[in-house]
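Notes for the one structure printed next.
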Amino acid sequence: MNQQPRHRAAALIALSLAASCAPESPQSASAAGAGAERAAPVEVADIEIGPLTERRVFTGTLEASAEVVVAPRVAGNVERLSVDIGDPVENGQVIAWIDDDELVQAVAQAEADQAVGRATLEEAEASANLAKRVLARQAQLQQEGIASSAELESAEAADAASRAMVAVAKARVVRSEASLETARVRLGQTRIVAEWEAPAASIHKDRPAGDGSGAPAGPSRYIAERFVDVGSIVNSSTPILSLVALDPIVAVIFVPERDFSRLAVDQRASFTTDAYPGQSFEGRVARIAPVFRRSTRQVRVELEVDNADLRLRPGMFVRATLELDHAEDATIVPVDALTARDGIEGVFVLPLGAKTVRWAPVQRGLQEDARVQVFGDGLSGGVVVLGQELCDDGSEVSVFDAGPNANGGR
């Protein structure tokens, strides 16, 4: 309750106490009659029927929707960097070069080995063809009784050996081709390329690039950090650069267990950040973690937010508002109307045209700011929002007119 209602409550209580403590003249006592009770001064607000949305505010941090650390696959000296922190990067763009002198020589050596292997294969195939012809001639001579069986067997052995030499030569050619391909691949890896796959689904899944929606089709990655300089010697897994995706951007919040059951993917959300006072950004619940953190009993929730203009950046502090539930025809009373009697929560109802209040037990439902949904019987007319401590079931009341929201005409 703010300061103004507190002052009004104090005034009502003071008025009631003053009235109860003031001395009475014999004439007024006889006019009122023995045991007559004075009306309790109260403030009353209307019971409303209408829509109510329960929202909850959580604090969190913006994160990139994707982050990739780029590292070389070969060791060497960083010869050139074509980008720096904050630069945009296209998919497939070469962003760094590693010194390739040794690998160029390795490719040349592999090409020479391949040439030798092919020459050896040609020689082996020629020898095999000759051995095959010799074997055929010896077989014919042996049939004519000119060549002996030993000569035929020798020709057969020579033919088998030549065919084996061809197989060995072919295997060496295959090995030399593989070595050459490996050398070429390693040489190509001296050019470090920024590559990534597009996400399967995002906030832009129904908006093609450059569709006239006002958002630039532009690059989807930016250089977030540079870990080395030109001239640095790196290994095959040394980080060189990190790339981040900024559109869409992700707001990460942590939701307690009591609100978990009302979370759902695609649920609407909005948030504000200190970088842009007075502005609100719309998004949706994109992912809900399947487990709670044991230390806090909270679950990680990621909100996906359109960031085509790149105003939002990772690391910004945000206050996110989630719409947890909504009711169209809710019975609504001010939160200040709720009070407790004998451990039971309820409200004092003042029906239209009545002068006495009725105690009505209620159950809470959704809450939106200072308005709450209630469930109970006979909830119509108005409810006491100040002066409940002066009331009992059936008490006569005098309505204090506190402004346009009060039901002072009763």
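The values are calculated or read from the model by the stated rules, or taken from the named source; none is laboratory data. As the structure is a prediction and not an experimental result, all values here were calculated from the model. We place every Cβ from the backbone using ideal geometry, glycine too, and count neighbours over all the protein chains shown.
Restricting attention to segment 110-158 and to residues that are in a helix (DSSP H, G or I) and of a type in the set (Val, Ile, Thr), the residue that is farthest from ARG186 (Cα to Cα) turns out to be VAL134.
Report yes if ALA337 is over 26 Å from VAL255 (Cα atoms), surrounded by 16 or more Cβ atoms within 10 Å (Cβ to Cβ) and outside the structural domain of ASP46 (by TED's automatic domain parsing), otherwise no. For ALA337, the condition - over 26 Å from VAL255 (Cα atoms), surrounded by 16 or more Cβ atoms within 10 Å (Cβ to Cβ) and outside the structural domain of ASP46 (by TED's automatic domain parsing) - is not met. VAL74 falls short on exactly one of the conditions (1) assigned to a strand (DSSP E or B); (2) crowded, with 16+ Cβ neighbours inside 10 Å, and that condition is (1).
When segment 386-410 is filtered for residues that are within 50 Å of the chain's Cα centre (by Cα), at pLDDT 50 or above and part of a strand (DSSP E or B), only LEU386 remains. Name the single residue that is nearest to ALA169 (Cα to Cα) among those in segment 127-159 being touching an Asp or Glu at 6+ places or on another chain (Cβ under 6 Å) and surrounded by 18 or more Cβ atoms within 10 Å (Cβ to Cβ). For segment 127-159, the residue satisfying everything is ALA131. Considering only segment 269-277, I want to know if a residue exists there that is farther than 24 Å from LEU324 by Cβ and under 13 Å from the mean Cα position of the chain (by Cα). No, every residue in segment 269-277 fails to be farther than 24 Å from LEU324 by Cβ and under 13 Å from the mean Cα position of the chain (by Cα). Restricting attention to segment 161-183, does a residue exist that is under 41 Å from the mean Cα position of the chain (by Cα), surrounded by fewer than 15 Cβ atoms within 10 Å (Cβ to Cβ), closer than 30 Å to ARG284 by Cα and modelled with pLDDT of 90 or more? Within segment 161-183, none of the residues are under 41 Å from the mean Cα position of the chain (by Cα), surrounded by fewer than 15 Cβ atoms within 10 Å (Cβ to Cβ), closer than 30 Å to ARG284 by Cα and modelled with pLDDT of 90 or more. Of the residues contained in segment 318-327, none is found to be assigned to a loop (DSSP other than H, G, I, E, B), in contact (Cβ under 8 Å) with a residue 24 or more places away in the chain and in the same structural domain as ALA269 (by TED's automatic domain parsing).
Screening ILE49, ILE85 for residues that are closer than 30 Å to VAL347 by Cβ, among the β-branched types (Val, Ile, Thr) and out of contact with any Pro (no Cβ under 7 Å at 6 or more places or on another chain) leaves exactly one candidate, ILE49. Among the residues making up segment 268-298, those that are within 17 Å of ARG313 (Cα to Cα) and touching a Gly at 6+ places or on another chain (Cβ under 9 Å) are SER270, PHE271, THR272.
Among the residues of segment 346-385, those identified as farther than 23 Å from PRO51 by Cα and part of a strand (DSSP E or B) are THR356, ARG358, TRP359. Going by the conditions given, is ILE344 more than 22 Å from ASP259 (Cα to Cα), touching a strand residue (DSSP E or B) at 6+ places or on another chain (Cβ under 6 Å) and either surrounded by fewer than 17 Cβ atoms within 10 Å (Cβ to Cβ) or touching a residue at least 24 places away in the same chain (Cβ under 8 Å) (or both)? Yes, satisfied.
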